[in-house]
1. Taking a label point 7 Å from the Cα of D379 along the Cα→Cβ vector, which residues of the stretch 303-336 have an amide N closer than 15 Å to it?
2. With a ≥ b ≥ c the root eigenvalues of the C-alpha gyration tensor of the stretch 18-216, is it rounded (a/c under 1.5), prolate (a/b larger than b/c) or oblate?
3. Counting only trypsin sites (Lys or Arg not before Pro) that sit in a DSSP loop (anything but H, G, I, E, B) with at most 11 other Cβ atoms within 10 Å, what is the longest stretch of the chain containing none of them?
4. For the pair D343 and R62, how long in nm is the line joining their label points, each one 7 Å along Cα→Cβ?
5. So if we plug the beta-carbon distance of L292 and I135 into 1/(1 + (r/R0)^6) with R0 = 25 Å, what FRET efficiency do we get, rounded to 0.05?
6. Just the accessible area per residue of the stretch 282-321, please: how many Å² with a 1.4 Å probe?
7. Can you compute the modelled spin-label distance between D268 and A403, with each label point 7 Å from Cα toward Cβ, in nm?
8. Which value does Rg/Rh take for the chain over its C-alpha atoms, Rh per Kirkwood?
Amino acid sequence: MVTGGARLAGEVSVSGAKNSVLKLMAAALLAEGTTVLTNVPDILDVTIMGEVLRRLGCTVERADGSVAITVPAMPGHEADYDLVRRIRASIAVLGPLLARCGEARVALPGGDAIGSRGLDMHAAGLVKLGATVVIEHGYLIARAARLCGATVWLDFPSVGATENLLMASALAKGTTVIDNAAREPEIVDLCRMLGQMGARISGVGTSTLEVEGVETLRPVAHRTVPDRIVAGTWAVAAVMTRGDVTVQGGRPDHLEMPLDKLVQAGADVHGAEGGFRVVMDRRPVAVDLVTLPYPGFATDFQPLFLGLNTVAEGTSMITENVFESRWMFVNELVRLGADVRTDGHHAVVRGRERLSGAPVRAHDIRAGAGLVLAGLVADGVTEVSDVHHIDRGYEGFVDKLTALGADVRREPAPAEVWPD
Ligand code: UD1
């Protein structure tokens, strides 16, 4: 329940990236023994991914901000539908399990309701490395006695496919080249951890990754990269509410494009010790944007900036190139009085002075956060339902908003609204 009108001010801290830690947890499968990850966010997806690993025979222990994963000599090789449907990122166990066990059976995933999110590039890449891949009874089944290095050209710099191929090729025989690879900071984080484990990867941070396979990898301790999407969410919230927010732990070098857009919208953004500060003292100016793989404008920011544009001065055009059906969120914003039209990949947003509170529903993590931010600049009360999506990716969202001065409360208790 969000009551609009407050100006957000103060400090907020950002922990490790969801989109990194889930893959780092999968990467732990590559080495027998105990891997310890730190700067781990306290979010639902980490809990579910921990359960995926437990069912594979690992021991998973969580403490404040860390997770210790103990992997047996031979983990199980099947991730079932019951868990995989709740967390699409669990597809990241495919590459490591295939490399470690010679076989991986992973149920076809569910996850966020955004686009079709195929797995064809994951499968084609593993086939290039010598695996056989079939889909049977709702499972993707990959087999290979030992993977062999090869050159893989990705049709699109898919984050998930790049990660699976990196992890699979780390233990392959010979050298693998992944061309047109994704370059997101979370991929760099995974490469850093794999490097510490003993993998030989060059070209880290570029679109051509070269992996020289090794016989075994060792467990490590690794600190997760900060969550740039969460950091950016707080920055957008500051701008929408004409506030003054210091984002502790946020890395501006991972946010160059979105922070530049906020400056174009009229914000003052500058570095602060341990993070950055965003100050806004007027109505934002509408900004055009086009989503692209990193270092382009991240698709995960699109719902947040679309929300910002609904209350900005002027008209903007938003082009979504990464996920084809990320517009479900728009129908919810229209319920709040936003003026948005979509056509194919494009949305035209005509800014309004204020939105007006209404009941709306979250369809995915970022849309959920975007609706809460929209509620902050709407008259009256906005009731956002299905907020379990927000729990998947934002640690202490309501508490952090409240600490910044927002009038937000949660009801009923989280346990009662989480899915089974
Ligand atoms: C990851 C992020 C997600 C982010 C996305 C793009 C996680 C847990 N999720 O998702 O938050 O929005 O990157 O930055 O890290 N595709 C195919 N075939 C494939 C693989 C992908 O067609 O084999 C398509 C997808 O349908 C989508 C596009 O490629 O249209 C991008 O997908 P991808 O980069 O793989 O995103 P994810 O890894 O699923």
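The values are calculated or read from the model by the stated rules, or taken from the named source; none is laboratory data. In this text the structure is predicted, and so the values were computed from the model without any measurement. Methodologically, a virtual Cβ is constructed for each residue, glycine included, from the backbone with ideal geometry; neighbour enumeration extends over all protein chains shown. Only protein heavy atoms, including side chains, enter the accessible area calculation; ligands, DNA and RNA are left aside. Shrake-Rupley method; radii C 1.70, N 1.55, O 1.52, S 1.80 Å.
1. Taking a point 7 Å out along Cα→Cβ of D379, the residues of the stretch 303-336 whose backbone N falls under 15 Å are 336.
2. Working: a/c = 1.30, a/b = 1.17, b/c = 1.11.
Note, shape of the stretch 18-216 comes out rounded.
3. Answer from the scan: 1-281.
4. 4.6 nm
5. Numbers: r = 30 Å, r/R0 = 1.19.
Efficiency computed from Cβ-Cβ geometry: 0.25.
6. Per residue, the stretch 282-321 has an accessible area of 29 Å².
7. Each label point is offset 7 Å from its Cα along the Cβ direction, giving 2.4 nm.
8. On the way: Rg = 21.2 Å, Rh = 21.8 Å.
Ratio of gyration radius to Kirkwood radius: 0.98.
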